[in-house]
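Engineer: Encoded as structure tokens, here's the structure I'll be asking about.
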Amino acid sequence: MTEPNIFTQYLKKRNVLVKNKKILQTSYIPENLPHRDEQIHIIVEIIAPALEKNKASNILIIGKTGTGKTAVMNYIGKELKKADPSEESCTFILINCEIVDTPYGILYNIANYIISDPARKIPFTGWSVDKILSELTNYIEEKNKTFIIVLDEIDRSFQKNGDDIFYYLTSINDQLKNSTVSIIGITNNTKFTEFLSPKIKSRLGEEKIVFPPYTVDQLRDILYERAKEAFDENILSEEVIPYCAALTAQEGGDARVALNLLRMSADIAERNGDQFISEAHVRSAKNKIEIDAVTEVIKTLNPQSKVVLMSIIKNTEEGQTTMITGDVYSTYKMLCEITGIPAITQRRVGDLISELDMLGIVHARVKSFGRAGRTKEIELNIPKNVTEILKADDMFKDIDKYRPAKQTTLM
Ligand code: ADP
Ligand code: MG
């Protein structure tokens, strides 16, 4: 028996609804990937020759986030391991370029995965890229087999380093006689190939496979499949999965978003001590996800933008729900005095308002006032409780000293 402790009351209240939490996590690789049979079939057909030590074509996989690219490649890696358990013919490696994003880092990871002999391991730093590349090429050649190297999120590495790494890796084959290397690049950026040099484009994109966003019906199937394993019967009320799927499809069909929504709905129901999960829990989860996202954006604004946003909040609170740039600017100047932030010009403030508009925090419409020229008509577009987050910012600790200026009235 454990001693009574501060956690007891929480655990008692919490009702366990999710039988297996791991299954709802986005890192979990399911045995079954609904609606990706076609893509899996094409990829398997292309890389199957590798199991007979023949070179497989390079592949470029393109699709927005949450379309199952990483899940499919992990699944194929697992299947390949079943086909060749001792990796006698083919070694499969998946590197996430978001985590390792320098050419040295990528080559270091590939090399040390492949090189099992401790005496020949590559040091963490200190070698030139050419030296690692030649050591790696020698090792690969000695192994007399095929290597499939999957580079996930290649746009990350590309943004930092250009396409050198793809050049290095795709040209290893030029020096090999006994072994072969195939590269599978995965990108979330549908325009990725436009940025590649023509030579790399033709090498890397020998085969191009597109992963389209999931439709509402497909998301529903994916969620049902996961839910079957994660929940006992009668825990999810009927409308939960269709509702999660519908909300996610509207926003672009990202399976990760759909899974997170389901997981958070379950979490909220559990914390409330409820017996089952309903549409209301999904609604709360959705709300929380949105608020968290806006909160994050607001917290990372620069100080000038924070003062501009606070000016719009103050005007709104004074009853002016629609305002023009001049109204924001008068309040802004006063807040600059209170916060000690140097005031910038009205024109620059106008630019910052446009940025806030792009972030979805305010609505700004350009309005023509005839000969008087054009100005913006501005409205706040965040929930009230989110404004509290900005007010809690240390720079606004003296904000109570603020007194509203006389308002300009809109025509
Ligand atoms: P991407 O790499 O395209 O951004 P992921 O492969 O990481 O997307 O998928 C995001 C999440 O959705 C993962 O948890 C994955 O398991 C799940 N997922 C994606 N597609 C499917 C599918 N067809 N069936 C089941 N789960 C899927
Ligand atoms: Mg991915």
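Engineer: Any residue that is modelled with pLDDT under 90 and surrounded by 15 or more Cβ atoms within 10 Å (Cβ to Cβ) - is there at least one of those in region 348-357?
Structural biologist: Applying the first criterion (modelled with pLDDT under 90) to region 348-357 yields none.
For region 348-357, residues modelled with pLDDT under 90 and surrounded by 15 or more Cβ atoms within 10 Å (Cβ to Cβ): absent.
Engineer: While we're here: Just checking, does region 61-70 include any residue being more than 16 Å from ligand 2 (Cβ to nearest atom) and either buried (at least 16 other Cβ atoms within 10 Å of the Cβ) or part of a helix (DSSP H, G or I) (or both)? Explain how you work it out, then say what you get.
Structural biologist: Of all residues in region 61-70, those more than 16 Å from ligand 2 (Cβ to nearest atom) come to none.
No, region 61-70 contains no residue that is more than 16 Å from ligand 2 (Cβ to nearest atom) and either buried (at least 16 other Cβ atoms within 10 Å of the Cβ) or part of a helix (DSSP H, G or I) (or both).
So that you can scan it fast, the table gives a plain yes or no per residue for (1) within 22 Å of the chain's Cα centre (by Cα); (2) not in a strand (DSSP E or B):
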position	(1), (2)
Val100	yes, yes
Asn109	no, yes
Thr125	no, yes
Ser134	no, yes
Glu141	no, yes
Leu151	yes, no
Phe166	no, yes
Ile183	no, no
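Engineer: Checking Gly162 against (1) outside the structural domain of Leu259 (by TED's automatic domain parsing); (2) more than 16 Å from ligand 2 (Cβ to nearest atom); (3) within 21 Å of Thr70 (Cα to Cα), which single condition isn't satisfied?
Structural biologist: (3)
Engineer: Here is a further query. Using the structure shown, decide if Asp130 is of a type outside the set (Lys, Arg), surrounded by fewer than 17 Cβ atoms within 10 Å (Cβ to Cβ) and within 11 Å of ligand 1 (Cβ to nearest atom).
Structural biologist: Answer is no for this residue.
Engineer: Of the conditions (1) within 23 Å of the chain's Cα centre (by Cα); (2) touching a residue at least 12 places away in the same chain (Cβ under 8 Å); (3) surrounded by fewer than 15 Cβ atoms within 10 Å (Cβ to Cβ), Arg271 fails just one. Which one is it?
Structural biologist: For Arg271, the exception is condition (1).
Engineer: From the set of residues in region 75-101 that are under 16 Å from Val44 (Cβ atoms), surrounded by fewer than 20 Cβ atoms within 10 Å (Cβ to Cβ) and not charged (D, E, K, R), which is farthest from ligand 2 (Cβ to nearest atom)?
Structural biologist: Here the answer is Ser89.
Engineer: Yes or no: region 362-385 includes at least one residue that is surrounded by fewer than 21 Cβ atoms within 10 Å (Cβ to Cβ) and closer than 30 Å to Leu17 by Cβ.
Structural biologist: Yes, region 362-385 has at least one match.
Engineer: Among the residues of region 44-80, which ones are within 13 Å of ligand 1 (Cβ to nearest atom), out of contact with any Asp or Glu (no Cβ under 8 Å at 6 or more places or on another chain) and of a type in the set (A, V, I, L, M, F, W, C)?
Structural biologist: Of everything in region 44-80, those that are within 13 Å of ligand 1 (Cβ to nearest atom), out of contact with any Asp or Glu (no Cβ under 8 Å at 6 or more places or on another chain) and of a type in the set (A, V, I, L, M, F, W, C) turn out to be Ile61, Ile62, Ala71, Val72, Ile76.
Engineer: From the residues in region 236-267 that are among the acidic types (Asp, Glu) and closer than 20 Å to Pro212 by Cα, which one is farthest from ligand 2 (Cβ to nearest atom)?
Structural biologist: Top of the filtered list is Glu251.
Engineer: When Leu80 is evaluated against the numbered criteria (1) aliphatic (A, V, I, L, M); (2) assigned to a helix (DSSP H, G or I); (3) over 30 Å from Glu31 (Cβ atoms), which criterion, by number, is the only one it fails?
Structural biologist: Only one criterion in (1) aliphatic (A, V, I, L, M); (2) assigned to a helix (DSSP H, G or I); (3) over 30 Å from Glu31 (Cβ atoms) is unmet by Leu80, namely (3).
Engineer: Looking at region 294-316, can you tell me whether even one residue there is surrounded by fewer than 13 Cβ atoms within 10 Å (Cβ to Cβ) and basic (Lys, Arg)?
Structural biologist: Looking for residues that are surrounded by fewer than 13 Cβ atoms within 10 Å (Cβ to Cβ) and basic (Lys, Arg), one finds at least one in region 294-316, hence yes.
Engineer: Then there is this: Among Thr375, Thr409, which is over 33 Å from the mean Cα position of the chain (by Cα), assigned to a loop (DSSP other than H, G, I, E, B), among the hydroxyl-bearing types (Ser, Thr, Tyr) and at pLDDT below 85?
Structural biologist: Thr409
The values are calculated or read from the model by the stated rules, or taken from the named source; none is laboratory data. Only a predicted model underlies this, so the values are computations on that prediction, with no experimental measurement involved. Reconstructed Cβ throughout: ideal geometry from the backbone, glycine too, with neighbour counts over all protein chains shown.
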